[in-house]
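Below: the structure, in structure tokens.
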Amino acid sequence: MTAWEPGRAAGLARMEAFTPQMGRAYSANRNIDLGPGRNDHVSGLSPWVRRRLVSEETVVRAALEAQGPRAAEKFVQEVLWRTYWKGWLEMRPEIWTAYEAEVAGRRARGEAGSEAVLAAEQGRTGIEGFDDWARELVQTGWLHNHARMWFASIWIFTLKLSWALGADFFLRHLLDGDPASNTLSWRWVAGLQTPGKTYLATAENIARFTEGRFRPKGLASVAFAVDAEPAPAPRPLPVAAGATPDGPHLLLITTEDLTPEDSVGPWEICGVVSAMEPGIDQRGELARRFLDGGLVDAERRAAGRYGQAVSRLGRLDGLALVEAVRAAGATGVVTAYAPVGPTASALAGARPGLQAAGLDLVSVRRPWDETLWPLASRGFFPFREKSEPALRALGLPV
């Protein structure tokens with residue numbers, strides 16, 4: 001697998017190199033975890049897709065055109081899982097709010113710094129495989145998807161640690177850490193996402209799909225679902241931009257969409273600013289480096305596209321945006337839609353300040369999200385059934 005170079009060109013190069021494997025080879029080998037530097041049978045595209053240095057639509061189109069719908073089915077399905085998680089959470093933002101509150105509460109009580117949690121995060125539990133994955137995550141910023149499931153199961157059911165603190169550990173270190181897929185995948189393992197249905201890691205399964213590298217002893221033999229309130233009913237998606245507003249706008253680049261030149265539409269742009277993800281100081285070193293490099297790359301491309309220098313905001317709030325809008329002589333801010341997470345929360349907090357100054361904040365949702373997110377009101381398989389005509393409507397050769 002190639003190094004995690006944080007730019008759009010590197011992501012596109014990785015996609016092109018992996019396209020010949022997006023068919024039956026991927027389907028046959030995707031569940032096998034051979035260890036750091038050896039998992040070339042999975043794409044490793046998720047860090048670039050997470051920040052939309054390469055979009056989901058671009059990756060799915062490449063797979064379908066190269067392999068055809070039948071051979072590419074499993075690869076496309078894995079891409080759609082991330083879209084499903086995003087749509088599901090977008091219609092139930094209370095889940096993210098509750099997760100943040102639980103992590104904050106456990107930190108305040110000192111649980112996040114307990115010896116049991118630190119031993120798990122530092123790979124000092126004595127559990128074969130688990131300790132290796134903990135170190136691999138911190139040292140590389142990535143884990144095979146099967147390893148993520150095993151790790152979460154052992155964390156919750158064998159070590160009996162808080163699922164939310166485990167999800168927080170992943171989110172801090174994963175290069176592809178995503179509020180939707182990360183939080184909801186941990187909830188799924190814990191039996192919260194599909195009530196009562198848990199995921200139990202077994203030594204036999206781990207040995208099989210690591211080709212004998214690991215066969216941990218002493219794993220939990222049962223997995224009782226974590227108690228929690230039922231998930232709320234889905235609500236309609238928040239309204240995104242409709243018609244193009246009048247007047248020149250300030251383009252805001254956030255780390256939720258690092259290809260602004262093809263995501264915000266035909267707005268008249270009179271200035272460009274960027275903003276780092278709130279809470280970046282809490283992320284691991286590799287995640288910070290990838291995110292900063294991706295933002296630098298987006299800033300460079302935007303400067304070329306719009307013919308002007310890009311300045312980075314020191315903070316993402318109403319005051320900073322009002323100052324930037326006025327300096328640019330703009331009538332408001334336009335930005336790619338930020339799904340549920342730290343950036344969306346910061347933008348929501350900034351909106352009243354902009355409105356008080358008589359300025360608008362326009363969020364533009366990509367057609368991929370506008371088309372597919374509303375289909376995520378129930379489980380993944382109903383979503384998958386509805387996705388084929390939706391992909392066809394987007395012009396994809398399904």
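A few notes on this one:
- Flag for GLY242 being open to solvent by less than 60 Å² (accessible area, probe 1.4 Å), more than 21 Å from LYS160 (Cβ to Cβ), in a loop (DSSP other than H, G, I, E, B) and modelled with pLDDT under 95: no
- Any hit, region 209-228, residues being closer than 19 Å to GLY87 by Cα, surrounded by 15 or more Cβ atoms within 10 Å (Cβ to Cβ), in contact with a helix residue (DSSP H, G or I) (Cβ under 9 Å, 6 or more places away or on another chain) and not hydroxyl-bearing (Ser, Thr, Tyr): no
- Filter result for THR371 (within 30 Å of GLN193 (Cβ to Cβ), among the β-branched types (Val, Ile, Thr) and open to solvent by less than 10 Å² (accessible area, probe 1.4 Å)): no
- Residues of region 376-398 classified as in a helix (DSSP H, G or I) and closer than 17 Å to ALA231 by Cα, total: 1
- Among the candidates ALA119, ALA152, ALA104, residue that is over 16 Å from the mean Cα position of the chain (by Cα), among the hydrophobic types (A, V, I, L, M, F, W, C) and under 26 Å from LEU45 (Cβ atoms): ALA152
- Cβ pairs under 9 Å, 6+ apart, first in region 28-40 and free of Cβ contacts under 8 Å to residues at least 24 places away in the same chain and farther than 12 Å from LEU143 by Cα, second in a loop (DSSP other than H, G, I, E, B) and not hydroxyl-bearing (Ser, Thr, Tyr): ALA28/HIS41; ASN29/HIS41; ASN29/VAL42
- Strands (runs of 3 or more DSSP E) fully within region 253-359 counting 3 or more residues that are surrounded by 18 or more Cβ atoms within 10 Å (Cβ to Cβ): 269-275, 332-336
- Selected residue (only one of GLY44, GLY35 is open to solvent by less than 10 Å² (accessible area, probe 1.4 Å) and closer than 18 Å to TRP81 by Cα): GLY44
- The helices (runs of 4 or more DSSP H) falling completely within region 63-180 that include 2 or more residues that are within 22 Å of ALA220 (Cα to Cα) and open to solvent by less than 20 Å² (accessible area, probe 1.4 Å) map to 115-121, 130-140, 145-153, 163-173.
- Number of the condition not met by TRP4 [criteria: (1) within 16 Å of the chain's Cα centre (by Cα); (2) modelled with pLDDT of 95 or more; (3) open to solvent by 50 Å² or more (accessible area, probe 1.4 Å); (4) within 26 Å of GLU299 (Cα to Cα)]: (2)
- Test: residue in region 111-123 that is without any contact (Cβ under 8 Å) to a residue 60 or more places away in the chain, closer than 22 Å to GLY212 by Cβ and not charged (D, E, K, R): yes
- Checking each residue in region 245-266 for being modelled with pLDDT of 80 or more and within 15 Å of ARG366 (Cβ to Cβ) picks out ILE253, THR254, GLU256, ASP257, LEU258, THR259, PRO260, GLU261, ASP262.
The values are calculated or read from the model by the stated rules, or taken from the named source; none is laboratory data. None of the values given here were measured: they were computed from a predicted structure. Note that each Cβ is placed from the backbone with ideal geometry, even for glycine, and that neighbours are counted across all protein chains shown. Remember, those area values only see protein heavy atoms, side chains included, never the ligands or the DNA or RNA. Shrake-Rupley method; radii C 1.70, N 1.55, O 1.52, S 1.80 Å.
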